[in-house]
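Asker: The structure under discussion is supplied below as structure tokens; questions concerning it will follow.
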Amino acid sequence: MGNLFWPGIVAALVFGFWVDAFSAFQYHYFNETEFSLLEAREQPYSSLIGRSPLMVGLTLIPSAAAKGAVCLDGTLPGYHLHRGYGSGANSWIVNLEGGGWCNDVKSCVYRKKTRRGSSRFMEKQIPFTGILSNSAEDNPDFFNWNRVKIRYCDGASFAGDSEHQAAQLQFRGQRIWLAAVEDLMSKGMRFAKQAMLSGCSAGGLATIIHCDEFRGFFPHTTKVKCLSDAGLFLDAIDVSRGHSIRNLFSGVVELQGVQKNLPRTCTNHLDPTSCFFPQNLIANIRTPLFILNTAYDSWQIQSSLAPSSADPRGYWHDCRLNHAKCTASQIQYLQGFRNQMLNGIKSFSRSYQNGLFINSCFAHCQSERQDTWFADNSPVIGNKAIALAVGDWYFDRAVVKAIDCPYPCDNTCHHLVFR
């Protein structure tokens, strides 16, 4: 099971992009791999906007070592910071990097030899695009904020605190999170007038787990909100009637000592693994939260609903890689997944302070990619792009509770297709 979630494999994949000449849809084509490419940083997306993105250097956190806040292999954690200016000088976006999980010793030992488990293998510079872009044209509401990406090197959504001495593994995600925030506070974030915690995929889950904690770092006069992108992982039954994602999450929670860092509003009545699922957390988060998710999340289709381990005869193989090859009954099954997602957010959506953008696309992570965040042909619901929806919600310009009609009604999607 762990093999399905190893992130290091993705680095060598070839990325390609083109528009289908006979359709209004856009497709992103990838080679197939054991671990979905969806959690790789989309560095090639600069080609989609015709210009080079801002490259931001890595800053390690020397003070983290004394706190035991280290990556899986014991190296220092780090982040990338690009300073704000002008009207954004005292506003901060803290983005938590995604990149799967490791749920057993074998997968974590593998992971510690990659950028997802060691700062020794992290890129020295990464592109800031989408919500992290410094271009007003590409990121109209947040381009001049202080923008930070905290690197992910623990494998438990910044929530573990344990170790495995025999395998020389440090599970210190919670400590990394705290050490990074403390370091950023010393660099001016303590003066923030506005702040937003965001993240995609495993980072989107981390955003949900840490949202209220993030709010607590600031005085009441600071406007604080959270944005979870592609982090709404459902406790779903797979195509073999098994529990692929619950088994994965159970391993993560138990191995990495996550239980003590999960919200007590959940763990006081549910088991720890259930409290790693956002559907059991979001209704009790006090801080305003925006959920951005595709109704047919590509990662969840590939790795939770129809992983190869649950589909030994390959009935779902083609559908898993390309939604256009799904049979009518498979699409019906995926509509059931969408319905489960909408049911899971009902209580959450009743709060006026929360925001929603659930579009009917086969994709994963839309806030950090320029083509999906804000571009001439970005996905929209009701003619509003994701960047404008998030901005309207954050600045209280409008109530945003956007839920798309079911597939295949939306012709603005940027679908992901795998080979």
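Asker: Test residue 101 against the stated conditions and say whether it is out of contact with any Pro (no Cβ under 7 Å at 6 or more places or on another chain), surrounded by 23 or more Cβ atoms within 10 Å (Cβ to Cβ), within 22 Å of residue 189 (Cβ to Cβ) and at pLDDT 95 or above.
Answerer: Numbers: out of contact with any Pro (no Cβ under 7 Å at 6 or more places or on another chain): yes; surrounded by 23 or more Cβ atoms within 10 Å (Cβ to Cβ): yes; within 22 Å of residue 189 (Cβ to Cβ): no; at pLDDT 95 or above: yes.
Judged against the criteria, residue 101 is not a match.
Asker: Being within 17 Å of residue 373 (Cβ to Cβ), of a type in the set (D, E, K, R) and surrounded by 20 or more Cβ atoms within 10 Å (Cβ to Cβ) is the filter here, so list the residues in the stretch 111-140 that pass it. Steps first, answer last, please.
Answerer: Initially, the stretch 111-140 is screened for residues within 17 Å of residue 373 (Cβ to Cβ), giving 126-140.
If we keep only those that are of a type in the set (D, E, K, R) too, we end up with 137-138.
Result: 138, single match.
Asker: Give the residues of the stretch 126-162 that are of a type in the set (D, E, K, R), closer than 30 Å to residue 72 by Cβ, part of a loop (DSSP other than H, G, I, E, B) and touching a Leu at 6+ places or on another chain (Cβ under 9 Å), sorted by residue number. I'd like the intermediate steps shown before the answer.
Answerer: Step one: list which residues in the stretch 126-162 are of a type in the set (D, E, K, R), which gives 137-138, 141, 147, 149, 151, 154, 161.
Restricting the remaining residues to those that are closer than 30 Å to residue 72 by Cβ gives 147, 149, 151, 154, 161.
Imposing the further condition that a residue be part of a loop (DSSP other than H, G, I, E, B) reduces the set to 151, 154, 161.
Result: 151, 154.
Asker: Return yes when residue 165 is touching a residue at least 12 places away in the same chain (Cβ under 8 Å) and within 22 Å of residue 66 (Cβ to Cβ) and no when it is not. Walk me through how you get there before you give the answer.
Answerer: Values: touching a residue at least 12 places away in the same chain (Cβ under 8 Å): no; within 22 Å of residue 66 (Cβ to Cβ): yes.
In short, no.
Asker: Further question on the same structure: Can you name the residue in the stretch 229-275 that is in contact with a helix residue (DSSP H, G or I) (Cβ under 8 Å, 6 or more places away or on another chain) and acidic (Asp, Glu) and is also nearest to residue 130 (Cα to Cα) among such residues?
Answerer: Looking only at the stretch 229-275, we keep the residues that are in contact with a helix residue (DSSP H, G or I) (Cβ under 8 Å, 6 or more places away or on another chain), and these are 229-236, 238-240, 242, 244-245, 248-249, 251-253, 255-256, 258-259, 261-263, 265-267, 270, 272-275.
Subsequent filtering for residues that are acidic (Asp, Glu) retains 229, 235, 238.
Values: 229: 12, 235: 29, 238: 32 Å.
Looking at the filtered set, the residue picked out is 229.
Asker: Would you mind finding the one in 317, 243, 323, 269 that is more than 29 Å from residue 179 (Cα to Cα) and surrounded by 21 or more Cβ atoms within 10 Å (Cβ to Cβ)?
Answerer: Numbers: 317 fails: surrounded by 21 or more Cβ atoms within 10 Å (Cβ to Cβ); 243 fails: surrounded by 21 or more Cβ atoms within 10 Å (Cβ to Cβ); 269 fails: surrounded by 21 or more Cβ atoms within 10 Å (Cβ to Cβ).
None of the others qualify; the one that does is 323.
Asker: Could you count how many residues in the stretch 331-353 are outside any helix (DSSP H, G or I) and either open to solvent by less than 10 Å² (accessible area, probe 1.4 Å) or under 18 Å from residue 410 (Cβ atoms) (or both)?
Answerer: Of all residues in the stretch 331-353, those outside any helix (DSSP H, G or I) come to 345, 350-353.
Of the ones still in play, those that are also either open to solvent by less than 10 Å² (accessible area, probe 1.4 Å) or under 18 Å from residue 410 (Cβ atoms) (or both) are 345.
Selection size over the stretch 331-353: 1.
Asker: Write out, first by first residue and then by second, each pair whose Cβ atoms fall under 6 Å of each other, whose residues are 6+ apart or on separate chains, and whose first residue, in the stretch 246-267, is assigned to a helix (DSSP H, G or I) while the second is open to solvent by 30 Å² or more (accessible area, probe 1.4 Å).
Answerer: 246/235; 251/104; 253/272; 256/162; 259/272; 265/284; 266/280
Asker: Can you tell me which residues in the stretch 255-266 are hydrophobic (A, V, I, L, M, F, W, C) and open to solvent by less than 20 Å² (accessible area, probe 1.4 Å)?
Answerer: Of the stretch 255-266, the ones hydrophobic (A, V, I, L, M, F, W, C) are 255, 258, 262, 266.
Once the filter is applied, which keeps residues that are hydrophobic (A, V, I, L, M, F, W, C) and open to solvent by less than 20 Å² (accessible area, probe 1.4 Å), the stretch 255-266 yields 258, 262, 266.
Asker: Follow-up question, since we're still on this one. Do we find a residue being modelled with pLDDT of 95 or more, open to solvent by 40 Å² or more (accessible area, probe 1.4 Å), more than 14 Å from residue 294 (Cβ to Cβ) and hydroxyl-bearing (Ser, Thr, Tyr) anywhere in the stretch 392-402?
Answerer: Among the residues of the stretch 392-402, not one is modelled with pLDDT of 95 or more, open to solvent by 40 Å² or more (accessible area, probe 1.4 Å), more than 14 Å from residue 294 (Cβ to Cβ) and hydroxyl-bearing (Ser, Thr, Tyr), which makes the answer no.
Asker: Restricting to the stretch 84-119, name every residue that is in a strand (DSSP E or B), polar (S, T, N, Q) and in contact with a Leu (Cβ under 8 Å, 6 or more places away or on another chain).
Answerer: Initially, the stretch 84-119 is screened for residues in a strand (DSSP E or B), giving 91-96.
Subsequent filtering for residues that are polar (S, T, N, Q) retains 91, 95.
Listed by number, the list holds a single entry, 95.
The values are calculated or read from the model by the stated rules, or taken from the named source; none is laboratory data. All values reported here derive from a predicted model rather than from experimental measurement. Virtual Cβ from ideal backbone geometry, glycine too; neighbours counted across all protein chains shown. Ligands, DNA and RNA are stripped out before the accessible areas are found, and what is left, the full protein with its side chains, is counted by its heavy atoms. Shrake-Rupley method; radii C 1.70, N 1.55, O 1.52, S 1.80 Å.
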